[in-house]
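The values are calculated or read from the model by the stated rules, or taken from the named source; none is laboratory data. This structure is a prediction, so every number in the text was calculated from the model and none was measured. Here the Cβ positions follow ideal geometry from the backbone for every residue, glycine too, while neighbour counts run over all protein chains shown.
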Amino acid sequence: MNAVWLTLSSLNASRMDGCRHLSQMEVFKQIRIQVPELGQKIKKAREQDPRSVQLLATLAKISISYWYQIEQEKRDSISEETLRSIEKVLGVDFGVSLPD
């Protein structure tokens, strides 16, 4: 199931000290998709790699405990950045594509 959230905060103009100040606008897009057995796929790829989990996690810029939580699917979600980092470190593509 795909879910897309777009939030656009209002742009406010106000007069302060005779100058016009505009507040900042925040725009973000969040897409969530379900990826069956992603943790198991990551674990299998890791087990094929001769390097230690400690080294792989360090290279992926995540903690060892976070790596294990991902493998054991104890996390509800991970960021695309984390997934891509794990893929890069392991030299694999798990076939996860997110819509633009």
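The set of residues from the range 51-70 being in contact with a Lys or Arg (Cβ under 9 Å, 6 or more places away or on another chain) and more than 26 Å from Lys29 (Cα to Cα) comprises Val53, Leu56, Leu59, Tyr68. Just name the residue that is modelled with the lowest pLDDT out of those in the range 58-80 that are under 15 Å from the mean Cα position of the chain (by Cα) and of a type in the set (A, V, I, L, M, F, W, C). The extreme case among them is Ile78.
In the range 69-79, is there at least one residue being in contact (Cβ under 8 Å) with a residue 12 or more places away in the chain and in a helix (DSSP H, G or I)? Within the range 69-79, one or more residues are in contact (Cβ under 8 Å) with a residue 12 or more places away in the chain and in a helix (DSSP H, G or I).
Are any residues in the range 22-57 outside any loop (DSSP other than H, G, I, E, B), surrounded by 12 or more Cβ atoms within 10 Å (Cβ to Cβ) and touching a residue at least 24 places away in the same chain (Cβ under 8 Å), and if so, which ones? Working first, answer last.
If we filter the range 22-57 for residues that are outside any loop (DSSP other than H, G, I, E, B), which is where we start, we get 22, 27-32, 38-48, 53-57.
This time we only want the ones that are surrounded by 12 or more Cβ atoms within 10 Å (Cβ to Cβ), so: 31-32, 38-46, 53, 55-57.
Across the range 22-57, the qualifying residues are Ile31, Arg32, Leu38, Gly39, Gln40, Lys41, Ile42, Lys43, Ala45, Arg46, Leu56.
When the range 81-100 is filtered for residues that are surrounded by 13 or more Cβ atoms within 10 Å (Cβ to Cβ), acidic (Asp, Glu) and either part of a loop (DSSP other than H, G, I, E, B) or modelled with pLDDT under 95 (or both), nothing remains. Among the residues here, Ile62 does not qualify as in contact with a helix residue (DSSP H, G or I) (Cβ under 7 Å, 6 or more places away or on another chain) and in a helix (DSSP H, G or I).
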